[in-house]
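What follows is one structure encoded as structure tokens, with my remarks underneath.
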Protein chains: 2
Amino acid sequence: MSQTEKHQKAIPEGATQASSDYFTGIAWIKALVPPNDQTDCTVSDVTFEPGARNNWHTHPNGQILVATSGTGYYQELGKPIQLLREGEAVNIAPDLVHWHGATPDGRFTHLAINPNVSKGGAVVWLHAVTDEEYYSYQS
Amino acid sequence: MSQTEKHQKAIPEGATQASSDYFTGIAWIKALVPPNDQTDCTVSDVTFEPGARNNWHTHPNGQILVATSGTGYYQELGKPIQLLREGEAVNIAPDLVHWHGATPDGRFTHLAINPNVSKGGAVVWLHAVTDEEYYSYQS
């Protein structure tokens, strides 16, 4: 089954547009689990429209991404862009510089899981991903 | 769009059948993020065939469920069964007695996120959910 034949998730009800301060293009964020004492984890649903991506950034407490619809891009500083396919996860070490987003051709949705929220500093935003960086993907 | 018209996820490649010691009916588990030092969280994809559910149990460190395909059941001890619809999450407090699974009519998939794995004791299994309990759902 090709990518274009796949079921494409709609933007979830109640999602809000991600800030252009930290995102290039259009992305939507919906908080599924807010900060809480029970698990000390938050979970958000993030949908990137084709071509959209977030800035380079780090997570002082790490982060887990799980691709839930479509195929996206994920890149760690100094490494090539890798694909993140529906059903795949990536476990991101604290302070690792990276970015993620859609491919140029399709909408992409992932869950973002932030552990140990009570330690503070869930994300440190850096500079935008340039077009040169974004279009560097080689299959 | 009715439930039956929706896209139904296939069982992920590499999933293994859940133990009949702790599950009633057929369920499939695939580890997406194994125990690790970076985030100290694990993530698993769990698919329940219609009618399948896990035993009553607790998580000493809590757990988050995110429904990713279909509609399932979730019940906390002493409360009625509630529906868990695609895109919804539940944040489960440490030591709360509960169970989850598919409805009688459709396959259900959720992600299970376990925080603070290094503290040990991710799950404490209790008795099976009886048919009387399982069929007590009232819409």
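The values are calculated or read from the model by the stated rules, or taken from the named source; none is laboratory data. Predicted model, so just to flag it, every value in this text is computed and none were measured. Note: ideal-geometry Cβ built from the backbone for every residue, glycine included; neighbour counts use all protein chains shown. Only protein heavy atoms, including side chains, enter the accessible area calculation; ligands, DNA and RNA are left aside. Shrake-Rupley method; radii C 1.70, N 1.55, O 1.52, S 1.80 Å.
Before moving on, here are some points about what is shown:
- Normalised by 2.2 N^0.38 Å, with N the number of residues, the alpha-carbon radius of gyration of segment A:3-134 equals 0.99.
- Mean per-residue shielding of peptide A:63-72 is 3, counting Cβ atoms of other chains within 10 Å of each Cβ.
- For segment A:1-102, the set of trypsin sites (Lys or Arg not before Pro) satisfying both a DSSP loop assignment and a count of at most 16 other C-beta atoms within 10 Å is given as A:LYS6.
- Taking a sphere under 14 Å around the Cβ of B:ALA93 and counting the other residues whose Cβ falls inside, with K and R at +1 and D and E at -1, yields a net charge of -3.
- At R0 = 45 Å, FRET efficiency that the Cβ-Cβ distance of B:GLU132 and A:ASP105 yields, to 0.05: 0.30
- Other copies of A:ILE29: label-to-label distances in nm, shortest first, labels 7 Å along the beta-carbon direction: 3.3
- Mean ellipticity per residue at 222 nm, deg cm²/dmol - from DSSP H runs of n ≥ 4 across chain B, formula -39500 (n - 2.57): -500 deg cm²/dmol
- Other-copy label distances relative to B:GLN17, 7 angstrom Cα-Cβ extension, nm: 5.1
- DSSP-loop GluC sites (Glu not before Pro) across segment B:1-99, with at most 14 other Cβ within 10 angstrom: B:GLU13
- Of the solvent-accessible surface of the protein assembly as shown, computed with a 1.4 Å probe and all protein chains present, 50% belongs to carbon and sulfur.
- Cβ-vector label at 7 Å, A:GLU76, separations to other copies in nm: 3.8
- Normalised per residue, the accessible area of chain B is 48 Å², obtained with a 1.4 Å probe and no contribution from ligands, DNA or RNA.
- In sequence order, segment A:15-26 has phi-based couplings of 6, 10, 6, 5, 5, 5, 5, 10, 10, 9, x, 9 Hz under the Karplus curve 6.51 cos²θ - 1.76 cosθ + 1.60, θ = phi - 60°, and Gly or Pro positions carry x.
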